[in-house]
Amino acid sequence: MANSEAVEALTGFVSAAARAEELKKELRRLVREISESEDCGVGTYEDAARALAALRELRSGGSASPKEALASQRNAEEGFESAAVPKHFLCPISSELMRDPVILASGQTYDRLFIQEWFSSGNRTCPQTQQVLSDTTLTPNHLVRSMIAQWCIEHGVTLSPLDHEQEGGLITRKQRNALRGILHKISLSSIPEQKQAVRELRLLTKRNGSFRALVGESPNAIPQLLSVISVPGLNCDLEVQEDTVTTILNLSIHESNKKIVGDDPQAIVFLIDALKTGSMETRSNSAAALFSLSALEVNKVKIGEMGAMKPLVELLEQGSPSAKKDAGSAIFNLCMLHENRARALMEGVVRVLLKSIADQSLVDESLAILALLSRDQEAVEGIAESGGVASMLSIVRDGVCLRSKQNNKENAAVVLFAICMHDRTKLGEIAEEEKSTGSISRLAENGTPRARRKAAGMLDKWKRTMRSTHYSC
């Protein structure tokens, strides 16, 4: 048994030694490629880092548990935080050690991914010098690249691949530290500092897509943000309410955050409360946030069940022009769900929409919502009883041929057709319109494809009704 164990140990030692020699050989090859090659990519750095990490693991015995190995890897990746990193190794944009340094026409060096993102955002200046660049060519900085590679090897630093959100952009360590500091202030600081922290979070999530992604992926960030609404001294502060609502709106723009925000037990409840009690700006942003969140079917259900429809309809009637638009957009999205259409009808949305059309205050949005509501018989009845036929005919009669007007004519035709299918008596009004102006026939000839179908359907229904009446006589 002892001999067997000795043989196993010797075999393992020889195997580990051979593996170490192989890794060192590979590491030397990679460093040489980094130093000499002109088209060396980021992947070469990462391969070198992985080889270095594997060599370190072999020399330490290779017996670490998965948890210890993960901790070791994290320490290696962040090792340069405690080392004296030369300033010219750090990207001026991300404040991180550069993976792929490139030079601009201004002479400044940046990490390739970050300066590419800078240019992709529409910028044509050097971030450091503010010099306008006629040429945005990125030239590899081979000297700095080889110096960084050598420094990493000497200090045992392993650079992991950068976080890259397809939608949000690059997440930097600088941003992570900023978020950590903001959340600390929100949790433990004085009331003035908490207010300032919420405002900072609002501004950062407004202008930075990667920061929106970062907040969403941080498990406690949204609950901590919402915790301010229960802090004495902040729970009735209208500025804090507005900043918090707007931050949630900003976060909801990021696709992955829609579910994260919707799943938080406080978020939608808070937005609905802000719809009722906030300033006009807060109410508008709250409606916009609900519109954004309602892109997900599961959120449509939650928002409707939690009572958002009533304050949205009230905002649609009483709000500022921009607030009405936000409320209308949210109502439209929510009414894609049958249950929410019933809730909107119960809150008197038909009356408000017809009034908006009559006042010329929100015509496009109101017609789109009415066309959507006309899928339900109850809504059709409500529109017909509220003078909707005359209102829709006035839209169809409009002689302007702008694209927006054509869309409005289409939605009006959809509503009129639904009314005709439900109530034959309304065909009389349509017949009078056709006889006096011929607007239905013109729509059947010149409208959008959908409008033509609906107009032709109304004319056919009217003619068949006329023949039926003639025969019965």
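Points to keep in mind about this one:
- Gyration tensor (alpha-carbon) shape descriptor, segment 374-467, a/c threshold 1.5: oblate
- For segment 332-424, the residue among Ser361, Ala371, Asn408 whose Cα projects farthest onto the positive side of the dipole built from Cβ charges is Asn408.
- When peptides 354-362, 389-397, 255-263 are ranked by their average number of other Cβ atoms within 10 Å per residue, the highest-first order is 389-397, 255-263, 354-362.
- In this label model, Met336 and Gln360 are separated by 3.3 nm, measuring between points 7 Å along each Cα→Cβ vector.
- Shape of segment 404-457, Cα gyration tensor, a/c cut at 1.5: oblate
- A simple packing score, the average count of other Cβ atoms within 10 Å per residue, orders the peptides 345-351, 459-465 as 345-351, 459-465, with the highest score first.
- Annotation for Arg28 and Thr125: the two label points, set 7 Å from Cα along the Cα-Cβ direction, are 5.0 nm apart.
- Options Val269, Leu238, Met306, ranked by Cα towards positive dipole end of segment 221-309, top entry (Cβ charges): Met306
- Cα gyration tensor shape for segment 168-296, rounded if a/c is under 1.5, else prolate or oblate: oblate
- Residues in segment 373-385 carry Karplus couplings, in order, of 5, 5, 5, 9, 4, 4, 5, 4, 4, x, 5, 5, 5 Hz; the curve used is 6.51 cos²θ - 1.76 cosθ + 1.60 with θ = phi - 60°, and Gly or Pro positions show x.
- For segment 102-161, the list of trypsin sites (Lys or Arg not before Pro) that fall in a loop by DSSP and count at most 14 other C-beta atoms within 10 angstrom reads Arg124.
- Separation of the alpha carbons by more than 28 angstrom is noted, of Lys174/Lys258; Lys355/Lys463; Lys302/Lys454; Lys206/Lys300; Lys206/Lys355, for Lys355/Lys463; Lys302/Lys454; Lys206/Lys355.
- Cα-Cα separations in segment 108-209 greater than 24 Å, expressed as whole percent: 45 percent
Bear in mind these aren't lab numbers, they're just calculated from the coordinates by the rules spelled out. The shown structure was predicted, so the numbers you read here are calculated from the model rather than taken from an experiment. No Cβ is skipped: glycine too gets one built from the backbone with ideal geometry, and neighbour counts run over all protein chains shown.
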